[in-house]
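Just below is one structure, and these are the notes that go with it.
The values are calculated or read from the model by the stated rules, or taken from the named source; none is laboratory data. Everything numeric in this text was worked out from a predicted model, so none of it was measured. Please note: Cβ atoms are built from the backbone with ideal geometry, for glycine as well, and neighbour counts cover all protein chains shown. To get the accessible areas, we keep the full protein, side chains included, count just its heavy atoms, and leave off ligands, DNA and RNA. Shrake-Rupley method; radii C 1.70, N 1.55, O 1.52, S 1.80 Å.
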Amino acid sequence: MFCKNCGHKYDGPEGGFCTQCGTKMPVIAAPQPEAIPPPETVPPPETVPPPEPIPVPAPLPVPPPEPVPQPLVYAEPPPVPAPVPAPAPAPVYAPPVAPPPPAPVYAAPPPPVAPHHATPPVAPYPAAPLTPAPNKSKKNLIMIGSAVAALVVIAAAIFLIFGRAHNPPYEVIPMGRHDDIAYVGNGMFAVMRGSGRNIRWGVEDTRGNEIIEFGRYDEPTHDFVTHDGNFMVQRGRNFYALDSRGREIASFDRFDDVRYVTSSRFIAIAGNRFSVIDARGSEIIPSGRYTRISAVTGGNWYFVWDDHRMGLINPRGDEIIGIGRYDNIHAIPGDRFIVSEGSGRTRRVAVLDNRGNEVISLGRYDEIYSAGDGFFIVRDDDRWGVLNTRGNEVIAFRYDDITFTGDSHFIIREGNRVGVYDTRGNETIAFGRYDSVTYAQNNRFIVRIGDTWDDDSRIGVIDARGNEVIRLGAYNYIEAVPGDRFIVGTGELNRWGGLNDARWGVVDARDNEIIPLGRYDSIEFMYWGSTVNTAPDHGFIVETGNRMGFMGMNGQEIIPMGRYDDFAGVFNHLAIVERGGRVGVINTRRIN
């Protein structure tokens with residue numbers, strides 16, 4: 001507002017005094033329903049009378065013109081008398097009036113006031129107060145900074161308290177971080193987000209660390225995880241080989257497909273032409289020499305074709321088995337190969353070593369199958385026998401069927417009788433003692449007397465010497481699982497070989513109870529990937545109604561009933577779990 005006495009622009013509080021001439025400024029009252037006249041003011045003492053104000057008529061209602069610069073007038077503020085108490089007036093509804101400055105200050109007479117039709121003189125810079133006003137902007141910044149710091153501390157505390165509760169320490173890959181998770185071997189998980197063409201993926205390890213950056217590559221190749229723990233990936237038309245930590249070791253941009261053999265050998269395909277190249281893309285086996293190339297695991301040998309004729313070469317490209325010499329070549333353990341020519345009744349087979357020399361000559365036998373690293377199950381006419389790698393007979397050719405257990409024993413069938421032989425050709429379970437024999441584990445066998453669907457049949461477990469491990473007839477169902485454990489069941493046999501009104505449990509190899517019969521509606525063994533025979537963290541998925549849990553090999557509870565909707569063990573003590581459509585990976589050792 002402007003002073004009505006001297007025209008000076010006043011920026012102080014309402015009811016204050018003009019800093020130029022000392023005239024008291026008016027108080028603009030808030031609008032009220034009834035106008036109440038302001039109280040009469042008491043004139044100041046006559047000790048130091050202020051200069052008489054020059055009456056100025058009220059300005060015409062015209063827009064204020066642009067200010068005209070005037071000479072700066074250096075003046076001190078006029079004296080301000082102390083307020084004198086007035087009689088109690090009627091209440092005035094107005095904003096509070098700021099008190100005048102406490103100390104009297106003497107000022108020079110004000111300059112003459114211009115006529116009402118002229119622009120009021122305004123000093124270009126108002127007189128500075130004697131006491132500097134506080135820097136409100138700086139104070140506000142300090143207050144804002146303090147508030148932000150407090151909020152950061154509070155947020156950190158909330159994260160430490162509630163964030164840990166939301167992502168428990170046993171969650172290796174937190175629930176809901178990804179739309180889907182798949183175990184891809186070697187302790188690695190492929191994690192995916194999106195759907196259809198919008199899928200983005202990456203790879204995380206068993207600690208949730210990122211191995212392949214999320215969304216960096218377009219898609220995995222058909223041999224995404226290699227036999228030695230590396231990766232083959234694709235981006236656009238380029239192919240990349242990555243090591244086990246996700247670092248690029250080779251890249252190729254001029255082929256239609258690239259297939260991993262080793263970290264330094266790759267099969268490249270351009271159109272219909274195959275070649276073998278190194279990590280720099282240089283050819284080892286030239287393109288066009290063969291119409292197809294396929295590597296034997298490990299890259300020690302390559303199967304090659306010229307149209308429909310097959311051969312075998314070594315990594316240098318030297319022929320071991322000439323193209324077209326045999327119709328089919330099959331690799332078996334011990335760097336040996338079963339080869340055949342012809343088909344049907346004219347089919348002949350042989351066994352070759354890694355130099356292409358015959359170990360079992362072509363045409364001597366009708367069929368040959370590998371039985372581990374050291375034996376062959378062989379058919380001569382309609383009879384089966386067993387040979388060693390030198391071609392010497394271990395079990396005579398007089399049986400209808402022979403099955404290798406993978407644990408130094410052969411299950412032999414002759415007519416309706418069944419028995420067991422060891423790899424030396426000795427009979428360990430006599431023929432005709434049991435109606436059926438099935439290999440369990442650790443040189444133990446599940447045996448049955450009677451037909452499977454016969455209510456009077458009895459089932460049990462014996463060792464390789466024929467001693468009973470689980471008494472025949474104690475249960476109606478027995479299933480061997482790793483770790484010398486057996487899932488057992490009782491109930492009425494049905495025509496499908498299952499049980500009606502079944503009660504399920506788990507026992508060890510001495511028939512000691514691990515999970516009591518009837519505690520759960522169903523029991524299923526959970527495998528842990530490649531460590532199925534050694535990991536101590538195997539266990540059992542148990543279900544009751546719609547709730548499921550996970551029990552350890554000794555019957556201890558690892559995942560409480562109902563915590564997850566579904567889960568599957570994939571590697572050592574880790575499991576992929578699902579709850580309410582959200583997936584994650586947990587460490588079952590840390591869940592309790």
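Things worth noting here:
- Checked against the criteria, ARG364 counts as of a type in the set (Lys, Arg), open to solvent by 40 Å² or more (accessible area, probe 1.4 Å), assigned to a loop (DSSP other than H, G, I, E, B) and free of Cβ contacts under 8 Å to residues at least 24 places away in the same chain.
- Qualifying positions in segment 260-274 - surrounded by fewer than 21 Cβ atoms within 10 Å (Cβ to Cβ) and either within 19 Å of GLY298 (Cα to Cα) or of a type outside the set (Lys, Arg) (or both): THR262, SER263, SER264, ARG265, ILE269, ALA270, GLY271, ASN272
- Residues in segment 442-459 that are at negative phi, of a type outside the set (Phe, Trp, Tyr) and assigned to a loop (DSSP other than H, G, I, E, B): ASP451, THR452, ASP454, ASP455, ASP456, SER457.
- Wholly within segment 139-258, strands (runs of 3 or more DSSP E) carrying at least 2 residues that are modelled with pLDDT of 90 or more and within 30 Å of ASP565 (Cβ to Cβ): 180-185, 188-193, 200-205, 210-212
- Of ARG433, ARG413, ARG458, ARG398, all but one fail to be touching a Phe, Trp or Tyr at 6+ places or on another chain (Cβ under 9 Å) and within 30 Å of GLU492 (Cα to Cα); the exception is ARG413.
- From the options GLY419, GLY432, residue that is over 26 Å from ASP508 (Cβ atoms) and either assigned to a strand (DSSP E or B) or open to solvent by less than 30 Å² (accessible area, probe 1.4 Å) (or both): GLY419
- Among the residues of segment 532-566, the one identified as of a type in the set (Val, Ile, Thr), more than 25 Å from the chain's Cα centre (by Cα) and either outside any strand (DSSP E or B) or modelled with pLDDT under 90 (or both) is THR534.
- Applying the criterion of being of a type in the set (S, T, N, Q) and in a loop (DSSP other than H, G, I, E, B) to the residues of segment 296-353, the residue that is most open to solvent (accessible area, probe 1.4 Å) is THR297.
- Residue check for ARG398: of a type in the set (Lys, Arg) and either in a strand (DSSP E or B) or buried (at least 16 other Cβ atoms within 10 Å of the Cβ) (or both): yes
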